[in-house]
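Mind having a look at this structure? Questions to follow.
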Ligand SMILES: Nc1ncnc2c1ncn2[C@@H]1O[C@H](COP(=O)(O)OP(=O)(O)OP(=O)(O)O)[C@@H](O)[C@H]1O
Ligand SMILES: [Mg+2]
């Protein structure tokens, strides 16, 4: 589904991604871990199409298309979804408000007729249950005055509405208490099927107890320096990153 | 310029006017002595109206020469809005073109020449807008020959809005049009007023208007000034408001088109527990220029003023915002808030914003803030990452920015119309 080859990216002349290789197949769950500042969010942003980042080398193929050629909205319409680590506040625009246009523009791209107000609302109601989110939150200005947990829950609600092929969840667990974490993870799991894939970025094993990864990767200084199965996450939780840094020290 | 002006004043002296003669003479004398603002005059330095007058217009008072027919106006008035539609052609009330269904016990609308003996007219006509305060008030007072008097009677809650359509018949002689209005809203009365400007044809126009509004005790007045008809319109208008005890006055100024527009909104809160709201939106393109000067004068304690002007500027457009807040020594426990926020969509657009607070009382709550910025890239990216096209994401963000001004419009038909115009404009 997603094939990243030797991806290099800069911001403000600084190289952040320094040769990422990653293959994600339909039906898989991948976890990306790594110390602060190693480039996890940068990778997610580059995949979603944030324009401040300059890709200097490498390629990204998504469902047979050159992802890097596409505008951010077309990536979303093709099925890429990024749950932001720090979702932005948008005064005056409510989730309901923009999602209606978003859902319909995605449908239009796929050659589907727009949803009428009634079907849209019933779809909303159904997906709201999935993450136990309140209607009142969805009618408020996006993220304005939301708690950390509300922001993250709202991100996953949007994911449920847009039904992406590839979901990139950037630290969706931060700011969530244990109950919320369970609800949100269960939501993600319910949306999971053999045709889609999830990449979770996290610092903690706890999330991975709910969203169980097939593969765990360690991103360090802009490269994936180690990959393994879910046991790797346990090991990282226990031992931290120093041993990995040492292991790769000589290579970098 | 002064020479032409003096000549015109001489001509005006010899011709009849229904404005109070004492004030009219004062205005003429003032103009003869001071003239119109020169290029460096502080209050008009960004908006060179004098130059425009000098070059393009004859200063001649606009007399309704051309006959305007109902057919010519069709489609130009807000037909779908249930309202008292009051048409003025070149500054002169045209009852035959108007549709007023007023109960005279509640609402009276008449030309100045019919209002000469009415107590409210005698008490307030030309008493609040002072010639010496602004050269264009002086100009209007000197040259307007008639005007429109609206009286909302004590206790009357006028249900339908009163819409004034200022029509420029735009004859070739390029006259200046001098609309003059006096609106007295009685004790505990309520009314919604709209001033809208329409040019017939494409010709450049120059309108110099003065609207005096008196809000008696407990009056509730919503006032709307709409400027979106003619991209070659020049306009300098003063809305002069006097507020008496516990009255609430709300002004909403929306400017979408105009070559050079200058709006002076002056509110004098001459009593306790008054509230005034000043909302403004300018959404400009091309070479439009809009200058909003507002002044709120807190003279007595316990009053509240709230101001929020927003600008979205594209093309080569320019805007000026100048917000004066005076809090006099007596005006303890004043609350005064002011905000002017601007988004520039093009590198060639510009905004000049200046808050001007002068506070002599010590127990007051005042705040003000001005911002000029670009579209927020983070917000744009967020929406695009959800599948919205660049254009619709941009339109949605700009619409949200403008919305808190538009949402305050209480006349549904006009709010909807403006919403549509704005969405259309922002989607370009
Ligand atoms: N807009 C920017 N301008 C300059 N440097 C940036 C910018 N965004 C990110 N960086 C830098 O890029 C590096 C990688 O940042 P990134 O956010 O991808 O890290 P991360 O792995 O997601 O970290 P965390 O675990 O703290 O979220 C950091 O050194 C950061 O300072
Ligand atoms: Mg990060």
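The values are calculated or read from the model by the stated rules, or taken from the named source; none is laboratory data. Since this is a predicted model, take the numbers as computed values, not measurements. No Cβ is skipped: glycine too gets one built from the backbone with ideal geometry, and neighbour counts run over all protein chains shown.
Can you tell me how many residues within region B:265-277 are under 11 Å from the mean Cα position of the chain (by Cα) and surrounded by fewer than 23 Cβ atoms within 10 Å (Cβ to Cβ)?
Residues flagged as under 11 Å from the mean Cα position of the chain (by Cα) and surrounded by fewer than 23 Cβ atoms within 10 Å (Cβ to Cβ) within region B:265-277 amount to 1.
Follow-up. Considering (1) in a loop (DSSP other than H, G, I, E, B); (2) crowded, with 24+ Cβ neighbours inside 10 Å, say which one residue B:211 fails and leave the rest.
Single failed check for residue B:211: (1).
Which condition from (1) on the phi > 0 side of the Ramachandran plot; (2) exposed (fewer than 14 other Cβ atoms within 10 Å of the Cβ) is the one that residue B:90 breaks?
Unmet for residue B:90, out of (1) on the phi > 0 side of the Ramachandran plot; (2) exposed (fewer than 14 other Cβ atoms within 10 Å of the Cβ): (2).
If you don't mind, there's one more thing I want to ask. Return the total of residues in region A:203-222 being more than 16 Å from ligand 2 (Cβ to nearest atom) and within 25 Å of residue A:6 (Cβ to Cβ).
4
Taking strands (runs of 3 or more DSSP E) that do not extend beyond region A:1-116, which have at least 1 residues that are free of Cβ contacts under 8 Å to residues at least 12 places away in the same chain and either within 16 Å of ligand 2 (Cβ to nearest atom) or touching a helix residue (DSSP H, G or I) at 6+ places or on another chain (Cβ under 9 Å) (or both)?
Of the strands (runs of 3 or more DSSP E) lying wholly inside region A:1-116, those with at least 1 residues that are free of Cβ contacts under 8 Å to residues at least 12 places away in the same chain and either within 16 Å of ligand 2 (Cβ to nearest atom) or touching a helix residue (DSSP H, G or I) at 6+ places or on another chain (Cβ under 9 Å) (or both) span A:14-24.
From A:2, A:47, A:70, A:82, grab the single residue that is away from chain B (no Cβ under 14 Å), surrounded by 17 or more Cβ atoms within 10 Å (Cβ to Cβ) and away from ligand 1 (no atom under 11 Å from the Cβ).
When all the criteria are applied, what remains is A:2.
(1) within 16 Å of ligand 2 (Cβ to nearest atom); (2) facing chain B (nearest Cβ under 10 Å): which one isn't true of residue A:143, the others all being true?
All conditions pass for residue A:143, except number (1).
Have a look at B:257, B:297, B:218 and point out the one that is in the same structural domain as residue B:46 (by TED's automatic domain parsing), farther than 19 Å from residue B:192 by Cα and out of contact with any helix residue (DSSP H, G or I) (no Cβ under 9 Å at 6 or more places or on another chain).
B:257
Hey, another quick one. Quick check on region B:395-408: of everything there that is touching a residue at least 60 places away in the same chain (Cβ under 8 Å) and surrounded by fewer than 19 Cβ atoms within 10 Å (Cβ to Cβ), which residue is nearest to the other protein chains (Cβ to nearest Cβ)?
By that ranking, first place goes to B:404.
So residue B:341 ticks every box in (1) within 14 Å of another protein chain (Cβ to nearest Cβ); (2) free of Cβ contacts under 8 Å to residues at least 60 places away in the same chain; (3) within 24 Å of residue B:422 (Cα to Cα); (4) touching a strand residue (DSSP E or B) at 6+ places or on another chain (Cβ under 6 Å) but one. Which box is left unticked?
(2)
Another one. Any idea which residue in region B:378-394 is farthest from residue A:89 (Cα to Cα), counting only those that are facing another protein chain (nearest Cβ under 7 Å) and in contact (Cβ under 8 Å) with a residue 12 or more places away in the chain?
Filtering first and then ranking leaves B:392.
Which residue is farthest from residue B:213 (Cα to Cα), if the candidates are limited to region B:119-152 and must be touching a strand residue (DSSP E or B) at 6+ places or on another chain (Cβ under 7 Å) and assigned to a loop (DSSP other than H, G, I, E, B)?
My answer is B:145.
Does region A:187-199 contain at least one residue that is without any contact (Cβ under 8 Å) to a residue 24 or more places away in the chain, over 18 Å from residue A:85 (Cβ atoms) and within 16 Å of ligand 1 (Cβ to nearest atom)?
no
Just wondering, is there one or more residues in region A:172-181 that are under 17 Å from the mean Cα position of the chain (by Cα), touching a residue at least 60 places away in the same chain (Cβ under 8 Å) and not in a helix (DSSP H, G or I)?
yes
Being at pLDDT below 95, surrounded by 14 or more Cβ atoms within 10 Å (Cβ to Cβ) and farther than 19 Å from residue B:379 by Cα narrows it down to one residue among A:108, A:150, A:132; which is it?
Only one candidate qualifies: A:132.
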